[in-house]
1. Over all alpha-carbon pairs of the chain, lay out the pair-distance distribution in 10 Å bins, whole %, shortest bin first.
2. May I ask you to derive the FRET efficiency for Q258 and H107 from their Cβ-Cβ distance with R0 = 45 Å, giving the value to the nearest 0.05?
3. Do any GluC sites (Glu not before Pro) in the range 118-185 lie in a DSSP loop with no more than 15 other beta carbon atoms within 10 Å, and if so, which?
4. Which of the trypsin sites (Lys or Arg not before Pro) found in the range 136-229 are in a DSSP loop and have at most 16 neighbouring Cβ atoms, other than their own, within 10 Å?
5. If the only charges are +1 at each Lys and Arg Cβ and -1 at each Asp and Glu Cβ, what is the size of the charge dipole of the chain around the Cα centre, to the nearest 20 debye?
6. Within the chain, how many Lys pairs sit with Cα atoms under 17 Å apart, leaving out pairs fewer than 8 places apart on the same chain?
Amino acid sequence: MHALFVANWKMNFVRSSAKSFVSAFVDSFTPLPNQHIDVVLAPPFPLLQTVADAVGGAPGIALGTQNVHWLETGAHTGEVSPAMIRDFGATFAIVGHSERRQFYGEHDETVALRAKSALAHGIRPIVCVGESTYFESDEAFDIVGQQLSASLSGIDADDAHTLVVAYEPVWAIGTGRAATPAIIAKIHRFIRAELVKMFGGRGMGVPILYGGSTNPENIAEILTQPNVSGALVGGASLKPDVFVNLILQGRTGFAAQQR
Ligand code: PGA
């Protein structure tokens, strides 16, 4: 299995800064002996073309978006359809990020619609789940379990191999306080078991990313934990050298996990 690192740029960069990021990133990422690493860059929609051009087909780097609508076309002011993002070459879309759930009315039913439609358009949805209060009780498992089953509802086991799940505890996002490796291991084990309940053996193949204050210092230990397949990275994905370093450190942890 490859380790997957997703750069969630959120609402950052304009064309010139996105272009400089990508050329610096490609310069230091592509010469790496980068077997077993996949990277997704998820810029804001207006930067998709700039990022696609700057990546220029460099190996191991895919294009993603931070959201996607479920319908093809129509009277949906401000929305962007799966066909539109495909047209730019995007092959991944983050759906149900907690910032969308908290501030923009996103909920499990619409997350499920987005995820299903993305799959139907050949886009791999990265479905985000995570509890909002600090992990200290079984409640976190209940919340994550409910979000997971509702957000993945209606997805066929045949599509499980193209699905990605991200566990992002809301209290860890952008706070500098990542979940501990022990917490991550517990929740990821739980998510794996839920995925197997939903999709049978195919649930074993779904990558489960961790997200929330990852950085080059903490990523190796996080990726050493079983069932952690990579990271969804916010702040640490905004500087090319930091992001490359995170990937390198993460790869070391992931290799140790696979042994
Ligand atoms: P962070 O964000 O790495 O800045 O905590 C992660 C995310 O929101 O995806």
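1. 7, 33, 39, 19, 2, 0
2. E(calc), rounded to 0.05, equals 0.80.
3. E136
4. R177
5. So the dipole magnitude of the chain works out to roughly 460 debye.
6. So the count works out to 4.
Every number here is computed from the coordinates shown, using simple stated rules; none is lab data. Everything numeric in this text was worked out from a predicted model, so none of it was measured. Neighbour counts are summed over all protein chains in view; Cβ atoms, including those assigned to glycine, are modelled from backbone coordinates with ideal geometry.
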